[in-house]
Amino acid sequence: MDELYYSALDLAILVSARELTEKEIAKFLEAVWKKDNDYLAPQYRNNFRKLILDTYYWTHYFYNKTTIDAEFPSIQKDMFDLGSNLEKDNYTSDFSGLDLFFKNMRIRIVVDGSKDYVRIKLRTLLKEYGYKRRSKMLVDYVNGCMEFFRLKAFLRGGVECEIENVDIDEMLTFRVV
């Protein structure tokens, strides 16, 4: 479950999606570091400077992704000439994943603090990440993420529910418990 801790890449994705200014990025990272430090990847828990530098590195990549990706073939050729191999998928693929939804949700609740919940329809959640139905493996992964981030799902009226048992069109409310 180490991949569920917030990495600098995860935070850069969230920062890029929010289109924050430099000052806002610094405030956001400081808030994450102070309020949700236990969920940061171990190398960042005691080193705020490293968290900022690594997140800015990835943020720079996302803001300049088109230019950097256009240069990738020449970089790949140079690496090959030096006797090394550079895997394209590790650098040019879409980095978002279902775990990022749960990371973002926890940050919105714990760090942003404007609301103590996040609401989403199960169908919308699955569709957003390319799933059409719930498989056992998907439900197990979702439940693992929810357990790791201490999240519970509720139906309208505050009734606690299990993802595998709710109707796909149900509105779910997620809370940190």
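I need Val139, Val111, Val159 ordered by Cβ neighbour count within 10 Å, fewest first.
Details: Val139 14, Val111 17, Val159 10.
Result, fewest neighbours first: Val159, Val139, Val111.
Taking amide H positions as placed in the peptide plane 1.01 Å from N, state which residues far from Lys121 in sequence (5 or more) or on other chains have amide H under 5 Å from it.
Leu172
Using R₀ = 25 Å, calculate the FRET efficiency as 1/(1 + (r/R₀)^6) where r is the Cβ-Cβ separation of Asn46 and Asp112; round to 0.05.
Values: r = 24 Å, r/R0 = 0.95.
FRET efficiency, Asn46 to Asp112: 0.60.
How would you rank Met146, Met137, going from fewest to most other Cβ atoms within 10 Å of each one's own Cβ?
Lowest count first: Met137, Met146.
What nm value, rounded to one decimal, do you get for the distance between Lys136 and Lys121 when each label is placed 7 Å out toward the C-beta?
Each label point is offset 7 Å from its Cα along the Cβ direction, giving 2.9 nm.
List, in order, the whole-Hz ³J(HN,Hα) value for each residue of region 171-176 obtained from phi through the Karplus relation with A = 6.51, B = -1.76, C = 1.60 and θ = phi - 60°; use x for Gly and Pro.
Ordered by residue, 3J(HN,Hα) equals 7, 9, 10, 9, 9, 7 Hz.
Give me Cys161, Cys145 ranked fewest to most by other Cβ atoms within 10 Å of their Cβ, as a rough exposure proxy.
Listed from fewest to most nearby Cβ atoms, that is Cys161, Cys145.
If I compute P(r) over Cα pairs in 5 Å bins from 0, in percent from the structure I just sent, which labelled value in [x] 1, 9, 18, 23, 22, 16, 8, 2, 0; [y] 1, 7, 12, 15, 15, 9, 5, 4, 4, 4, 4, 4, 4, 4, 3, 2, 1, 1, 0, 0; [z] 1, 7, 14, 17, 17, 14, 12, 8, 4, 2, 1, 0, 0 lines up?
Checking each listed value against the structure points to [z].
Between Ala26 and Ala70, what is the label-point separation in nm under the 7 Å Cα-to-beta-carbon projection?
Label-label distance for Ala70 and Ala26, simple model: 3.1 nm.
Excluding residues on the same chain fewer than 8 positions from Lys103, give the lysines whose Cα lies under 23 Å from its Cα.
Those lysines meeting the cut-off are Lys23, Lys27, Lys34, Lys35, Lys50, Lys65, Lys115, Lys121, Lys127, Lys132, Lys136, Lys152.
Per-residue ellipticity at 222 nm for the chain, helices alone: DSSP H runs ≥ 4 residues times -39500 (n - 2.57), over residue total, nearest 500 deg cm²/dmol?
The per-residue figure over the chain is -16000 deg cm²/dmol.
Laboratory data are not the source of any read-out in this text; all were calculated from the coordinates shown. All figures in this text were calculated on a predicted structure; none of them were measured in a lab. All Cβ positions, glycine included, derive from the backbone under ideal geometry; neighbour counts span all protein chains shown.
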